Amino acid sequence: MSEPDPAMQRALAVLEADRALARRVSDAAEVLVGATQVTLLAHVDPDADALGSALALGIALRRRGAEVEVSFASPDRVPESLAALDVLGLVVAPDAVSAAPEVLVSCDAAEPARLGSLARLLDTAGCTVMLDHHGTNPGFGEIQVLDPAAEATVVLAHRVLVEMGARLDADVARCLYAGLVTDTRGFRTAGADAHRLAAELVEAGAQPAVLARALMDEHPFAWFAGLSAALGRAVLEPTGLVHTTIPLEDVRRFRPEEIDSVVDVLRTAQEAEVAAVLKQVAPARFVVSLRSTGRVDVAAAATALGGGGHRAAAGFTREGTEQEVLAGIRAALV
Ligand code: AMP
Ligand code: MN
Ligand code: MN
């Protein structure tokens, strides 16, 4: 018999990967439906996708009667723009989390290190479910719901909720929509399925204008001076690298919501291939956000520098001076 042609082989491989993912979604749902206590974790410096996934599942599990806690290792409070998602008060401080959860769910963390100090729970939990969509994720946990094709981790959380037979009420829908609208930058990178999911979430009670305003379109007036300074310092290099640095005093003065929004302005430079924002978190320590405008794979560069992420959006943390970190970025991009 002749070999199937390459196109057929690729199609079969995609089909098999879809089936494997569906099995894992179903395994995750089965474990969660049977659990009496669940701890859900977002990655450090949680965004709407990480916290939205954890809270959407957490709210549904709580309503089923399970004991639920949601946490993240740092910072020590929920970002202001995400606080309204926690309608049941499920978020607990990292030092108050159960030492050995019956079921642990890791949301939107590309690797155990992204859970910070709470990564220790991976060793003590009865069972770990990992939900993530980063192509750089090496895989961890017993049940791995990992799909780099998903626009956001909330897409996977939604699949698990459907499989659990959970009701999508307005509180759950709001959490899922928050992750979807932010990770797709306002649906710019959303495919047809993600748009259909958005429609379902709006029908369930998520309010697009209210959520988008709170999550993406609102800053304290005082930030304008910080943004102006950050943009004034921006440098365009001949290679198409546009970068700026947010000094420690501004990182301390402004909310993470403001600091994290700078890269979305930098990436709009017409000449930019890659935008980089160096956030100074200690005198010689920088958290770096990288964005690609298309051609360059910034996940590869971030991985080479000890971080990870997606092709178009990635990050890493590095010790050194600003110039040393910039030299590292230039070297990783060639
Ligand atoms: P950020 O620039 O922090 O918004 O991150 C961009 C993307 O890269 C997000 O999907 C993050 O989850 C991911 N990311 C950021 N830092 C890291 C890291 N150190 N390791 C793995 N993924 C990261
Ligand atoms: Mn995230
Ligand atoms: Mn995400």
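The values are calculated or read from the model by the stated rules, or taken from the named source; none is laboratory data. Keep in mind that what you see is a predicted model, and the values were worked out from it rather than measured. Glycine gets a Cβ as well: all are built from the backbone with ideal geometry, and neighbour counts include every protein chain shown.
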**Study point:** Residue satisfying condition, being within 15 Å of ligand 2 (Cβ to nearest atom) and more than 20 Å from G139 (Cβ to Cβ), within set S74, S98, S106, S117
**Key:** S74
Practice item. Within the range 69-89, count every residue that is part of a loop (DSSP other than H, G, I, E, B) and either in contact (Cβ under 8 Å) with a residue 40 or more places away in the chain or farther than 26 Å from A125 by Cα (or both). Key: 7
Point to revise | Qualifying positions in the range 45-66 - within 21 Å of R167 (Cα to Cα), touching a helix residue (DSSP H, G or I) at 6+ places or on another chain (Cβ under 9 Å) and either more than 16 Å from ligand 2 (Cβ to nearest atom) or of a type outside the set (A, V, I, L, M) (or both) | key: D49, G52, S53, G58, I59, A60, L61, R63, R64, A66
Exercise for review: Give the range 89-104 a look and list any residue that's surrounded by 14 or more Cβ atoms within 10 Å (Cβ to Cβ) and under 16 Å from C175 (Cα atoms), or say none.
Suggested key: L90, V91
**Study point:** Test: residue in the range 118-138 that is of a type outside the set (D, E), within 14 Å of ligand 1 (Cβ to nearest atom), buried (at least 23 other Cβ atoms within 10 Å of the Cβ) and part of a helix (DSSP H, G or I)
**Key:** no
Practice item. Report whether or not A190 is in contact with a Ser or Thr (Cβ under 8 Å, 6 or more places away or on another chain), assigned to a loop (DSSP other than H, G, I, E, B) and over 30 Å from E249 (Cβ atoms). Key: yes
Point to revise | Every pair of residues 6+ apart whose Cβ atoms lie under 8 Å, when the first sits in the range 47-68 and is assigned by TED's automatic domain parsing to the domain that holds A212 and within 14 Å of A29 (Cα to Cα) while the second is away from ligand 1 (no atom under 14 Å from the Cβ) and hydroxyl-bearing (S, T, Y) | key: A66/T36
Check your understanding: Which pairs do you get when a residue that is under 14 Å from I59 (Cα atoms) and in a helix (DSSP H, G or I), found in the range 164-180, comes within reach of a residue that is of a type in the set (A, V, I, L, M, F, W, C) and within 16 Å of ligand 2 (Cβ to nearest atom), reach meaning Cβ atoms under 7 angstrom, with the pair 6+ apart or on two chains?
Key -> V172/A56; R174/L85; C175/L55; C175/A56; C175/L85; L176/A56; L176/V154; L176/A157
Check your understanding: Hey, among V251, V262, V242, which residue is assigned to a strand (DSSP E or B) and farther than 24 Å from Y177 by Cβ?
Key -> V242
Revision key, fill the gap. Per the filter on the range 26-49, residues within 16 Å of ligand 1 (Cβ to nearest atom) and in a helix (DSSP H, G or I) are A48, D49
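Residue by residue, here is whether (1) away from ligand 3 (no atom under 13 Å from the Cβ); (2) assigned by TED's automatic domain parsing to the domain that holds S98; (3) under 16 Å from A314 (Cα atoms); (4) modelled with pLDDT under 95 holds:
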residue: L118; (1), (2), (3), (4): yes, yes, no, no
residue: L122; (1), (2), (3), (4): yes, yes, no, no
residue: L131; (1), (2), (3), (4): no, yes, no, no
residue: F140; (1), (2), (3), (4): yes, yes, no, no
residue: P148; (1), (2), (3), (4): no, yes, yes, no
residue: L156; (1), (2), (3), (4): no, yes, no, no
residue: R159; (1), (2), (3), (4): yes, yes, no, no
residue: E163; (1), (2), (3), (4): yes, yes, no, no
Point to revise | Residue in the range 50-81 that is surrounded by the fewest Cβ atoms within 10 Å (Cβ to Cβ), counting only those that are within 16 Å of ligand 1 (Cβ to nearest atom) and within 18 Å of D169 (Cα to Cα) | key: L51
Practice item. Evaluate the following for G307: is it touching a Phe, Trp or Tyr at 6+ places or on another chain (Cβ under 8 Å), of a type outside the set (S, T, N, Q), buried (at least 21 other Cβ atoms within 10 Å of the Cβ) and at pLDDT 95 or above? Key: yes
